[in-house]
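Report on one structure; see the data block that follows.
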Ligand code: IPT
């Protein structure tokens, strides 16, 4: 089994890596149904399976490409998820004897004269393939997400060919592929037979430079072809360019005159042909120049601003198998949300993906297939990036990675890999790239001191760490003082931030502000685009999205695999809209007396946009129009006049939106690119006289006050206007979000958050602190229920066991000229510490209520540190849709600043008036916070016994502590008093 434990990058007649560009030479795609035999161990694999006459009729069949663990066949093994940990002992180059093995067989026909040479191309096999053609072993392929071609000319024959591929799930190469994702073995990208004509164009790199000062382009061709292939001609028909090169020694630039440059905002491509009589290749060329000037990383002379996401190849049914239509849709969705950049975390994607990025317009940090994170658990001892035994394999990886994708204009940097610490091999990989591509910078986040990479990159820092990096201060996590000053002279980027696991991450707008103001920062990439739940079923057939542990893995990392802005089923989570609002390149600085429009696009003025205003009085439109705005050039800020407005008694909001004039390829007419709101007038507070101050009456233990019925003993409301409305009870607990449940890196949990500028977390996660404080098990004691003319007053004391900490709630129910009102206060004792998840009143309404209409913030859930996408207005929704179906049930659905809530099914309207200057946020949900806490998957939620209405004076923000900084102190809910002022109308 020496292939399995070999450090070698591969063997056989391996073709020198080259670009993936279209060719007139024929290819045969072998995708389809292949014969397949699963073996739990290599020694159980069928003997002689490579032989041409081997009888495979008793084998199963499998689709190629696919992963064998996603075929619904439990006897073929199951998916497994670990983040950092290797799923087997760290004992390189060895792997377990229990090494699942798949034998694949297929046949293909080669016509007469198919090619002078024949290659077999593998685009993705996890993790090791031993390839035999017509009974002879032709090579061993390593590098699961790298392309490898094998020259099989000597074994291929006209007519029927028999291909056998033995795939081992684990190999020495697995040590280089420890990305945070599912372990999914198999041939998961296409296998192709490639014809190579003698005298063809073997490889081409058409660098396309753009000079922003003259607006002209230049092609810098690098052609690899045998001497007999010449002359070779380069043509760009749309530019009238044609230049013939007579020999390999004939090398020259081709000046192309004026061109439109390529940028993510305006991705102009030109078809170039490179060929001769034998073969023509087509390259889609985009002219652009990438350079680092001081601490600016520029494209076409302008500083880059990356509004990015980390993207894995992932689909809930097919794993890492590529689907072009799905990716195109994803890219459209990204563009619709102002995302302009992708990091191909953490390996080269299917090659077509980069064609789509070129075409649709996304800046790409291309990342190599390398991660050795599991060595961290033993202090990086034996880590491959610093061990000479791995040098060849790593250099081979960087070469295959670069050569395949070198032509793409969308790629603006090469990333050595992810989370593999640092060392001589990483430095050698960077040196190789620097030599090969003098233009594009090398990115590698663990090169914290910037010893061989060009861009300063960080993950999940606090704002303070970013400020310190910018200031050249050494007291940040990862750079010594001497290097910090050097780093401050370089461009900076966050290759990962804002861990979008579950509900969150909060704080996006604060990062944006630093990107806008600190000169070295160029933006960042949210972690990550999509949840990786696997569509699966319970025994009784209920569908759900599985995460770590749902497939019987003995070692796993739970739901850490579901941390995207798009849920596993493809539904955007609210954080996507939040991100879109935060990163919009069209900033609308709106005040009551004017508007500043700032165009932060890289390229393109605002002539594709209309600017619409509308005024809403108490959420109802009273005026609207379009603003006259001359096109604003990129980088410009212009002031625009606004219509006047009449003084009103009522809440008057003005909204300005920048919307697309017409379809632009990724969104249609009217699509909102940016929105801003300003409050122009507020409602005058009303004092309503009390009416008929008659004494509440008691009968059969029920106390009646106008339309309200109370339990005379407890003071709990039972109904209003004959509608069941029970409570309220104080609630300080929320179902922990994953940001509440995990300890993260930075904590502001201590009592004096201001003391430490950089707090590296050793404090327990919030959810643990909240449980410790007893917030999930408050007990209630009735202090009093008293009546007076027109009034019922109730006093309750809430406290957890074993402590003197308590909150007293006073509920004052009165009848005034307009009906029933509740004025409530919650008063904590002085001895509370820490923070609370919420300060809320909890009402129980009948189960199964259908819709809600509200005047408040929306449309989606919003929290103190995540409300850029929220606006004030009137909204309506099915109650079931008010809550997000996160992979793990958790707090969801809070919408701040409620004014009015109507429940048509119940026939009740609740109005909130500012109490102590504050309006409560609301949550309506079929499950209470404790039921939600108890469920690990949506299908485990207990039966709904009520529709739960929470009215929170405040909720703690979201933060990003599942992998990153805590909720910032200003968004935390420190124990405090609260007040509510509510009305209940039929
Ligand atoms: C970081 C990884 O690069 C990424 O793959 C993913 O695991 C992410 O975290 C969390 O989901 S590594 C982390 C230890 C900073």
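Each part reduced to its alpha carbon centroid, segment 873-951 and segment 214-235 end up 63 Å apart.
Which FRET efficiency, nearest 0.05, do residue 627 and residue 817 yield, Cβ-Cβ r, R0 56 Å? Please report the intermediate quantities before stating the final value.
Details: r = 43 Å, r/R0 = 0.76.
Efficiency, rounded to the nearest 0.05: 0.85.
Based on alpha-carbon centroids, what's the gap between segment 825-858 and segment 127-170 in Å, whole number please? Between the Cα centres of segment 825-858 and segment 127-170 lies a distance of 62 Å. Applying 0.36 nm per residue to the separation of residue 571 and residue 27 and subtracting their alpha-carbon distance, the gain on full extension is 192.1 nm. Computed over the chain, the per-residue total of -39500 (n - 2.57) for DSSP H runs of n ≥ 4 gives a 222 nm mean residue ellipticity of -3000 deg cm²/dmol, rounded to 500. Look at the Cα gyration tensor of segment 33-75: its axes a ≥ b ≥ c give a/c of at least 1.5 with a/b at or below b/c, and that counts as oblate. Along the Cα-to-C-beta direction of residue 214, a point sits 7 Å from the Cα; which residues of segment 241-257 have their amide N less than 11 Å from that point? Residues passing the 11 Å test: 255-257.
Exposure proxy for 69, 442: other Cβ atoms within 10 Å of each Cβ, ordered fewest to most, give 442, 69. For segment 10-196, taking Cα atoms only, Rg and Dmax work out to 16.3, 51 Å respectively. In the chain, the longest principal axis of the Cα atoms and the axis of helix 574-583 are about 80 degrees apart.
Quick check: Cα centre of segment 186-200 to Cα centre of segment 47-95, how many Å? Each part reduced to its Cα centre gives a spacing of 23 Å.
Kindly rank 775-784, 273-282 from highest to lowest mean number of other beta carbons found within 10 Å of each residue.
Most protected by this proxy first, the peptides run 273-282, 775-784.
Distance between the modelled labels on residue 266 and residue 378, one decimal in nanometres: 5.6 nm (7 Å Cα→Cβ projection). Assuming R0 = 56 Å, can you tell me the calculated FRET efficiency for the pair residue 75 and residue 439, based on Cβ-Cβ distance, to the nearest 0.05? Step by step, r from the Cβ atoms, then E = 0.65. Measuring spread by the Cα atoms of the chain yields a radius of gyration and Dmax of 31.6, 107 Å.
Applying 1/(1 + (r/R0)^6) with R0 = 22 Å to the Cβ-Cβ distance of residue 137 and residue 41, what FRET efficiency is obtained, to the nearest 0.05? Can you show the working numbers first?
Values: r = 20 Å, r/R0 = 0.92.
According to the calculation, E is roughly 0.60.
For residue 253 and residue 90, compute 0.36 nm times the residue count separating them, minus their Cα-Cα distance, and round to one decimal in nm. All intermediate terms of the calculation are to be shown ahead of the outcome.
Details: separation 163, 0.36 × 163 = 58.68 nm, distance 5.05 nm.
Contour length minus the Cα-Cα distance gives 53.6 nm.
Kirkwood's formula applied to the C-alpha pairs of segment 294-578 gives a hydrodynamic radius of 19.7 angstrom.
How long is the gain from residue 682 to residue 480 if the chain were fully straight, where each residue apart is worth 0.36 nm and the alpha carbon distance is subtracted?
67.4 nm
Round to the nearest 10 and give me the degree value, 0 to 90, for the angle of helix 351-360's Cα axis relative to the longest principal axis of the chain. So the helix axis and the longest Cα principal axis differ by about 60 degrees. Modelled spin labels at residue 829 and residue 974, positioned 7 Å past Cα toward Cβ, are 2.1 nm from each other. Computed from Cα positions, the angle between helix 324-336 and the longest principal axis of the chain comes to roughly 50 degrees.
Between residue 302 and residue 13, the distance separating the two model label sites (each 7 Å from Cα on the Cα→Cβ line) works out to 5.0 nm.
Values in this text are rule-based calculations from the coordinates and carry no lab data. Note that this is a predicted model, so its numbers are computed, not measured. Every residue, glycine among them, receives a Cβ derived from its backbone with ideal geometry; neighbour counts consider all protein chains shown.
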